[in-house]
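This report concerns only the one structure given below.
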Amino acid sequence: MKNRLKALSVTLLVIVSPVDAAASAVDTLLAEYRGQGAGTFSAAAGRTFWNQAVNPPGAAEERRCMSCHTADPGKPGKHLRTGKPIEPLAPSVNPRSLSDARKIEKWLKRNCEWTVGRTCTVQEKGDVLMFLSTP
């Protein structure tokens, strides 16, 4: 019985820890964005931004976040140009996703510049993180 409880405890830690890490990294960034002047974050606004068609300067075609990541962040995607597979972004499906604040910032910067042709505002980043974090 004692060994079973120990095994169950270890299993729960393995399952819960990545989810907690994602929540912690996202919460840290959301607090940082609020400190930089963002308002209340909205998963609905994040979904709208995610699906919004943009034609960035120099791009031959419209781009959207969902062009590479799909409309459902719980599904795997594929990069438009390279065809490289992209793991799901929803932490509910991919516990490693959104678990490192520095990586989140790196990819938001890179993807915003490529997709919308500019740096995203702190409001946009927060709304997208809310959308991705909502099961």
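What the phi angles of region 25-34 give under the Karplus curve with 6.51, -1.76 and 1.60, with θ = phi - 60°, is a coupling list of 5, 5, 4, 4, 5, 4, 5, 4, 5, 4 Hz, glycine and proline written as x. Karplus-based coupling profile of region 52-61, in residue order and whole Hz: 5, 7, 9, 10, x, x, x, 7, 7, 9, with θ = phi - 60° in 6.51 cos²θ - 1.76 cosθ + 1.60 and x standing for Gly or Pro. Distance between the C-alpha centres of region 22-38 and region 67-85: 25 Å, rounded to the whole angstrom. Backbone amide hydrogens, once placed in the peptide plane, bring Asn94 within less than 5 Å of nothing, excluding anything fewer than 5 places away on its chain. I want to make sure I understand the PRE zone here: with the label point 7 angstrom from the Cα of Lys75 toward its beta carbon, which residues in region 88-117 have backbone N atoms less than 18 Å away? Counting only backbone N, you get 88-94. The label point for Ala59 and the one for Trp114, both projected 7 Å from the Cα toward the Cβ, are 1.1 nm apart.
Placing a pseudo-label 7 Å from each Cα along the Cα-to-Cβ vector at Val93 and Asp27 gives an inter-label distance of 2.5 nm. Per residue, region 15-104 exposes an accessible area of 59 Å² to a 1.4 Å probe, with every protein chain left in place. Rolling a 1.4 Å probe over the protein heavy atoms leaves Thr70 with an accessible area of roughly 40 Å². Here the scattering of region 39-114 is modelled by Debye summation over its C-alpha atoms, one equal scatterer each and no solvent; at q = 0.14, 0.15, 0.25 Å⁻¹ the log10 of I(q)/I(0) is -0.49, -0.56, -1.49.
The values are calculated or read from the model by the stated rules, or taken from the named source; none is laboratory data. It should be emphasised that the depicted structure is a prediction, and the values quoted were computed from it without experimental measurement. Note that each Cβ is placed from the backbone with ideal geometry, even for glycine, and that neighbours are counted across all protein chains shown. Quick note on the areas: whole protein, heavy atoms, side chains included, nothing else; ligands and nucleic acids left out. Shrake-Rupley method; radii C 1.70, N 1.55, O 1.52, S 1.80 Å.
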